Amino acid sequence: MRKILMIFSALAVAALIIGITSDDAVAKKSDCVTIQAGVLLTSEGEVIVPGYDKWGYNYQARMFNGMYCDSYRDAVWCQPYKDVGLMMKWNDAWLSNKDCDNDGLLDRHYGNASYIGSGAWLTNHQWGSYEVDGKKCHWDYFTKIVAAPADATLVGGYWIAADGTEIGPAIWGSFATIQSVYNDPCAGDHGIEYLSPIGPGFGHIK
């Protein structure tokens, strides 16, 4: 269940909450509209304000901190997972806190035709509990996801760097998982599930 949750929760930032476009022409910073201007909107037409909104999104700080279903505006389909906690953090390339292409929405992979080569990254941390034979079991899951570099190639479901080093398994086409950690003592799961040979850091993956 938690792997399915991870996929959907990251997409909440990438696609559901903000309808986003990019532009090939990079605007000067002085031309960009900030959240503080009070005119940028979510895809539901709500004005984005600094700080946390009622759902747990802080677009200015590029993070979400709340319950899993709140990342989807408490959607009906999500109710089986409403007790799952969720924290997400992302960088400017994943979802900016500015509008530099003047469409009234926050930008993503600005200045790039797609996420590939943009340097975008996301971290996703989830936690929850369940009962087995009257015993309460706690689990938590953490993963790091990066956009594939422009010179990387997709081979057998894995993104491979130009020098032949494995970056990580492909996810959502344009991204790779570079680290995943899962702990569930009741199920006997502890620690790292996957660690990219290229390393878990973000800075060297462009």
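The values are calculated or read from the model by the stated rules, or taken from the named source; none is laboratory data. Keep in mind it's a predicted model, so treat the numbers as computed, not measured. Cβ atoms come from the backbone with ideal geometry, glycine included; neighbour counts cover every protein chain shown.
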Which residue out of K82, K89, K54 is touching a Cys at 6+ places or on another chain (Cβ under 7 Å) and on the phi < 0 side of the Ramachandran plot?
K82
Has region 106-127 got at least one residue that is outside any strand (DSSP E or B) and touching a Leu at 6+ places or on another chain (Cβ under 7 Å)?
yes
Checked against (1) surrounded by fewer than 18 Cβ atoms within 10 Å (Cβ to Cβ); (2) in contact with a Phe, Trp or Tyr (Cβ under 6 Å, 6 or more places away or on another chain), K54 satisfies every condition except (2)
When you scan region 165-178, do you find a residue that is in contact with a Phe, Trp or Tyr (Cβ under 8 Å, 6 or more places away or on another chain) and free of Cβ contacts under 8 Å to residues at least 24 places away in the same chain, even just one?
yes
Within region 166-187, track down each residue that is more than 17 Å from Q126 (Cβ to Cβ) and modelled with pLDDT of 95 or more.
E166, I167, G168, P169, A170, S174, F175, A176, I178
What is the residue count in region 138-185 for residues that are touching a Lys or Arg at 6+ places or on another chain (Cβ under 7 Å) and either surrounded by fewer than 19 Cβ atoms within 10 Å (Cβ to Cβ) or aliphatic (A, V, I, L, M) (or both)?
1
Regarding K135, is this residue under 30 Å from P80 (Cβ atoms), touching a residue at least 24 places away in the same chain (Cβ under 8 Å), surrounded by fewer than 19 Cβ atoms within 10 Å (Cβ to Cβ) and of a type in the set (D, E, K, R)?
yes
